[in-house]
1. Over region 123-261, how many percent of alpha carbon pairs lie in each 10 Å bin up to the one with the longest distance?
2. Taking the Cα atoms of region 59-127 alone, what are Rg (to one decimal) and Dmax (as a whole number) in Å?
3. Go ahead and estimate [θ] at 222 nm for the chain from helices alone: -39,500 (n - 2.57) per DSSP H run with n ≥ 4, summed, over the residue count, rounded to 500.
4. Can you compute the modelled spin-label distance between Glu234 and Lys155, with each label point 7 Å from Cα toward Cβ, in nm?
5. What dipole magnitude, in Debye to the nearest 20, does region 89-203 give about its Cα centre under +1 on Lys/Arg Cβ and -1 on Asp/Glu Cβ?
6. For region 52-189, what is one quarter of the convex hull surface built on the Cα atoms, given in nm²?
7. Which is farthest toward the positive dipole end of region 182-294 among Thr292, Leu244, Trp217, measuring Cα position about the Cα centre, with Cβ charges +1 (Lys, Arg) and -1 (Asp, Glu)?
8. Against the longest principal axis of the chain, how steep is helix 226-240, in degrees 0 to 90 to the nearest 10, with axes from Cα atoms?
Amino acid sequence: MNELRGQIGFGGAALSGEAGGYGFGPIEKPESLVRYAIERGIKYFDTAPIYGFGESERVLGQAIKQKRDSICVVNKCGVTWHDNKRVNLTNEPGVVVKMLESSLKRMELEYFDIYMVHWPDKNMDIRYTLEALLNTKDKIKHIGLCNTNPSEIEKANEICEINYFQSEYNLFNNGFNDLKFDTDNKFLMGWGTFDKGILSGKISPNRKHERSDARSWAPWWKKSNWRDKVRFCEEISDKFNVDLKKYALYHSLKNVDLSLVGTKNCDQLDDILSFKQVEIENYNKIYDEFKTFS
């Protein structure tokens, strides 16, 4: 069996707590959780302004102060909000630079290791966005693209070589599938490793979420066919007698450089980090089953 390609990173959306935005409900002692993750050897921490309308950034910034030089902070621009908390997507140069400055201030940092454009903006040429970010001097070590597409990548590479990419990657979705580039020289970060809890076995078809959990109201969740996914996962687990959570993590670590996982307490993190590479005899059969899901 091939060695696993990737490592586990900390997905910061869970740090949003009850602050709203893209978050997943109440969380106790989030700063302690981040510090514990660092103690357990986590090196990559991912966040974005929209996670809790800045709350995830604030928590993460406070928690990493004493360990800043030993970790990699990944942040993003482009998804902002109005005073009434209505979300707005724009990669307009002036906006993304302002977002960069606000995020650095909120996190009390001098720079980001990797700074990514969160989503493509059909109304803004990515070349102008990147030119603005490149002019921020020492505030960004590496620029990357999230949830991107071949056309955007082609334009982006006219301005600077892009080697850092982030997209949804799990058993149900492969956001890198259509990007058509040589992955040998790219650093691929997969979000949604457990598909917002579906692949972790923590969601039942009758699950009710707290109001502060985006899954209680977000259109992207309501349209995600999540109940059918949960039932499908239960069937696959029984059919192949596998721990689907471990298999989902194995699948991600096998194919991307960084698997971002969201946890809300130390026990969950310990469970994830206890993963050991094992031979899974039915790997191809299970994966083929997931490819038939629609």
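The values are calculated or read from the model by the stated rules, or taken from the named source; none is laboratory data. The structure displayed is predicted, hence computed values, not measured ones. When we count neighbours, we look across all protein chains shown, and the Cβ atoms used for this are built from the backbone with ideal geometry, even at glycine. All accessible areas refer to the heavy atoms of the entire protein, side chains included, with ligands and DNA or RNA removed. Shrake-Rupley method; radii C 1.70, N 1.55, O 1.52, S 1.80 Å.
1. Binned Cα distances yield the sequence 10, 33, 29, 20, 7, 0.
2. Cα-based Rg and Dmax for region 59-127 come out at 13.3, 40 Å.
3. Value at 222 nm, helices only, nearest 500: -9500 deg cm²/dmol.
4. Here the answer is 4.5 nm between the modelled labels.
5. 360
6. Reported value for the Cα convex hull: 9.2 nm².
7. So the residue we want is Trp217.
8. 50
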